[in-house]
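Take a look at the structure below.
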Amino acid sequence: MTSLFRGAGHESPNSRPAHYFRALRGIVSRELFKFVHQYGRLASALVRPALWLVVFAAGMQNLFGVAPIEPYSTYIPYQEYIVPGLLGMVLLFNGMQSSLSLVYDREMGTMRLVLTAPLPRWYLLLCKLIGGTILSVIQCYAFLLVAQLVNSSIPLIGWLEVLPALLVSGFLLGSIGLLLSVYIRQVENFAGTMNFVIFPMFFLSSALYPLWRLREAGADYIFWASMVNPFTHAVELVRYAAYGKLNVTSLIVVCVVAVLSFLAAAIAYDPQRGLIRRRQAAT
């Protein structure tokens, strides 16, 4: 592990803009190449939200609709309400999985080749994050096609309007996953991350139900826990964007948390300052 995180902490004379671009293109192409050759990855990414949409939402649609609150101008069926939340689910699971693949790359030694490139380490991590975000967005649009088939999709014009929100939200969730990858030493620990990070983030959010219903039911603690959950704001940013509106508060929260998470991960991966150095000293 010591040699794995050495090198790539400084720039060389060859670090010109073209060199930066080649590194970005190479890392993103590698992510896309892996995705294309992992045939079951797209299917597995679609099965999870599709089951929620077809089974769970279909069972709940007769129990309640959603009142005309922002960004909606009228009552909507529950199946329409849940689509932005399921887009958030796709971003959440793929963002975490993509960033946590760094753990596997560390075990296999791939990270040694990447991090020894004559480029700043934070930039290499950023390239990895951009590649994962692009994959997340691709899977989101694949899910929108599925949702369109069951007449539960957002308006077609919203497909274009939602793109910036998907990119920003995907970057946020990928940054959180990148930060988590610092503390996870083995791929097997991903199951624990699912139970203690991903599932709480998903269920303590507005992905499945409006938060005002929690307050109405007297669940104030759950309401406030959901309000401070960055995933809630990612879902709301996507929800508003899908209907041509902007939730300024959610945009600020998503951007701030994304930047802070990435900076924390970049510092932690820096062998001179971060957690890696402290681990080396302890051993």
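The values are calculated or read from the model by the stated rules, or taken from the named source; none is laboratory data. Everything numeric here is computed off the predicted structure, so don't read it as measured data. Because the Cβ atoms are built from the backbone with ideal geometry, glycine has one as well, and the counts that use them run over all protein chains shown.
A few remarks follow.
- Being surrounded by fewer than 20 Cβ atoms within 10 Å (Cβ to Cβ), hydroxyl-bearing (Ser, Thr, Tyr) and not in a helix (DSSP H, G or I) is a property that does not hold for residue 141.
- For beta carbons closer than 7 Å, sequence separation of 6+ or different chains, a first residue in segment 81-96 that is in contact (Cβ under 8 Å) with a residue 40 or more places away in the chain and in a helix (DSSP H, G or I) and a second that is β-branched (Val, Ile, Thr) and crowded, with 24+ Cβ neighbours inside 10 Å, the qualifying pairs are 84/235; 84/238; 85/235; 87/238; 88/235; 88/238.
- Residues being in a helix (DSSP H, G or I) and either small (Gly, Ala, Ser) or within 20 Å of the chain's Cα centre (by Cα) (or both) - total across segment 147-161: 5
- Residue within segment 248-260 that is closer than 27 Å to residue 120 by Cα, of a type in the set (Gly, Ala, Ser) and in contact (Cβ under 8 Å) with a residue 12 or more places away in the chain present: yes
- Residue match in segment 69-76 (condition: touching a strand residue (DSSP E or B) at 6+ places or on another chain (Cβ under 9 Å) and either modelled with pLDDT of 80 or more or of a type in the set (Val, Ile, Thr) (or both)): yes
- The residues in segment 153-167 that are β-branched (Val, Ile, Thr) and crowded, with 20+ Cβ neighbours inside 10 Å can be counted, and the count is 2.
- The set of residues in segment 227-256 that are within 17 Å of the chain's Cα centre (by Cα), part of a helix (DSSP H, G or I) and of a type outside the set (A, V, I, L, M) comprises 230, 231, 232, 233, 236, 239, 250, 255.
- Within segment 162-205, tally of residues that are at pLDDT 85 or above, hydroxyl-bearing (Ser, Thr, Tyr) and part of a helix (DSSP H, G or I): 2
- Residues that are buried (at least 17 other Cβ atoms within 10 Å of the Cβ) and either in contact with a Gly (Cβ under 9 Å, 6 or more places away or on another chain) or of a type in the set (D, E, K, R) (or both) within segment 238-260 comprise 238, 239, 241, 242, 243, 258, listed in sequence order.
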